[in-house]
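The values are calculated or read from the model by the stated rules, or taken from the named source; none is laboratory data. Everything numeric here is computed off the predicted structure, so don't read it as measured data. Positions of Cβ are generated from backbone atoms using ideal geometry, with glycine treated the same way; all protein chains shown enter the neighbour counts. Side chains are part of the model used for accessible areas, which takes the heavy atoms of the whole protein and leaves out ligands, DNA and RNA. Shrake-Rupley method; radii C 1.70, N 1.55, O 1.52, S 1.80 Å.
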Amino acid sequence: MEQWQKDLVEIVETVADEVERFFLGMSEVVDAFFELTEEVSEQVHNNIVTEVDQYLQDLAEPMLEAYWELEDMVADVDPGFPYSVEPTSEKNPACIGCSHYHGQVYGGNLLVCAMHPHGCEDENCPDWEKEEY
């Protein structure tokens, strides 16, 4: 083999070694960059979550206090909105466990069920059906 061929082979090997070192170095730089961005994003995420949580808490706290105060004031007043009443052994005992029981109060009037709007007169209702869960 002539000298120029040996020089050419040596140059190609040197270039291959340098390219390999370059890509190894770039791989290390890319890995370091990803580690850094991961740390930064984790810190940003933690800070943002903490700040948003504090902001929402500061925003919601006065509203909740006002709501609880309002609820305390309105608790004794019938607002005209329907509300539920469960049957008891004293009032509407025939309706306990019945699937037809409605039990909503509208404007101060209890609607027991469609068949017996004011409740059944007897202790046993002829239309009683077991409630399915």
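The single condition from (1) of a type in the set (A, V, I, L, M, F, W, C); (2) open to solvent by less than 100 Å² (accessible area, probe 1.4 Å); (3) under 41 Å from the mean Cα position of the chain (by Cα) that residue 12 fails is (3).
For the range 95-115, a residue qualifies if it is free of Cβ contacts under 8 Å to residues at least 12 places away in the same chain and open to solvent by less than 70 Å² (accessible area, probe 1.4 Å), and exactly one does: 111.
Residues considered: 16, 32, 94. Of these, the only one that is aliphatic (A, V, I, L, M) and in the same structural domain as residue 123 (by the TED database) is 94. On inspection, residue 63 qualifies as among the aliphatic types (A, V, I, L, M) and loosely packed, with under 10 Cβ neighbours inside 10 Å.
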